[in-house]
Structure formats: structure tokens, C-alpha cells
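In what follows, a structure is listed as C-alpha cells, so that the remarks can point back to it.
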């Protein structure tokens, strides 16, 4: 019996350690120092907390030595690297509380250096996909025009997965310039408490009755 209980407890603890709190949303840390770290392939986990989920990506640092100006911190991503058919993506699995509503927020821009001008981004959370675009017209390395985007979702389990994918395969050209991503955050939305009906105590009832009778007496006096 004791052996059975120990096995059960160990399996529960093992199942609860699949994910971790959401981390490294600005892509600041990893096994290398990000600069012009190009063509990071599918399956790579060199960016702490993240896995390259499709094609390959570029992990960029800040000017003047590297990349373009990130929206936050010193690093960001170009979600489409070279020689992968014009597609790339990253994903992360993190702890959630079932039934809780969360807000996913992220900064979106695009690699202005090659077609297409309009960069697509598909964001999938627990199998539900939302689509975004970014217009790179007039953008430069120090004027990226980052735009904050948000998605609300309800957790259906003790962990959730977010996957960011940019696919420019239909645009032709060099197929190495996709959506840019930075400053990803996940936070539970504040719950608005429902109004609570608090019963009146005897003093409040007495005050209401006194006001009622005072009003009645005043009306009666005026009529007289």
C-alpha cells in the first residue's frame, strides 16, 4: 500500500513539472549572446524558454553592431530566417490555472529589408489562431514602429502553449524577412468582483423607518 501511494505521488509531481512560469519574453537570455544570430533551426532551444517551432529564425541584438532597435531590452526576433522556404516561428509552454482568463501581449514590427512589405503573423494559443499584419513602409533599423498587440484567452489546463509563426512563402524574393517580435508578456486578467447584497442591520432599518415617518408627518402637516 505504501509503495502504491509513493508511486502515485511521484507520478503527480512528475506531471506537474511539464511547464514553467512564462519567461524571457524579450528574448534577452540564452546559450549565446544575441547579435546577428541567423538561421536558428527548428527544434533549437538556444533562446531560454523558447523552441523554434517552424523553419528557422534570426535572433538579433541592438544597433550599431547588430540588427535593429528592439522595442524592449537589447534583443528581438525576425521570425523568418534564410533558406527555410520563407517560414519561421517560436513557441513556449508555460503554467496556467484552468478556467483563468489571461492576456497575451507582444510588440509587432517587421523586417523592412526584403519582400513582402506587409508582414504576416499567426499567433496560436492552445490551438486557437489569431492573425496579424504589419506594414514596413518607411521603416528603418532605428525606427521600427513597434505596435503593441493583445489576445485574451481562457486556460483549459495546467499549461498553455503560445506559438508565433510568420509565413512569407507566397511573396517570392529572398524569403528571409518576416514579422519582428519582442516584449511578449502573459498575465492573468483582474477578476471584477460581483456586487454583494449586504443585509441591513437593525440600526439601518431604524433610520429608514424614522425617515419614512418624518416624511409622512411633514406631508400631513402641510395638508393641515
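Just so it is clear, none of the values below were taken in a lab; they were calculated from the coordinates. Just so it is clear, the structure is predicted and the values come from calculations on it, not from any experiment. Because the Cβ atoms are built from the backbone with ideal geometry, glycine has one as well, and the counts that use them run over all protein chains shown.
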Using only C-alpha positions, report the orientation-averaged shadow area of the convex hull of the range 24-67, nm², one decimal. 2.8
Multiplying the sequence separation of residue 42 and residue 148 by 0.36 nm and subtracting their Cα-Cα distance, what value in nm do you get? 35.5 nm
Is the range 37-99 rounded, prolate or oblate when judged by the Cα gyration tensor, a ≥ b ≥ c being the square roots of its eigenvalues, rounded requiring a/c under 1.5 and prolate requiring a/b larger than b/c? oblate
Here the FRET efficiency for residue 31 versus residue 65, based on Cβ atoms and R0 = 25 Å and rounded to 0.05, is 0.80
Can you sort 107, 135 by how many other beta carbons sit within 10 Å, fewest first? 135, 107
The FRET efficiency for residue 20 and residue 83, from their Cβ-Cβ distance with R0 = 41 Å and rounded to 0.05, is 0.80
Under 8 Å for C-alpha pairs, at least 6 residues apart: give me the relative contact order for the range 20-188, rounded to a whole percent. 29
Work out the P(r) tail for the range 20-188: percent of alpha carbon pairs separated by more than 22 Å, whole number. 37
What does the highest-first list of 20-31, 72-83 look like by mean Cβ count within 10 Å? 72-83, 20-31
So, with points 7 Å from each Cα along the Cβ direction, the residue 91-residue 141 label distance in nm works out to 3.4
FRET efficiency (residue 100, residue 133; Cβ distance; R0 22 Å; to 0.05) is 0.15
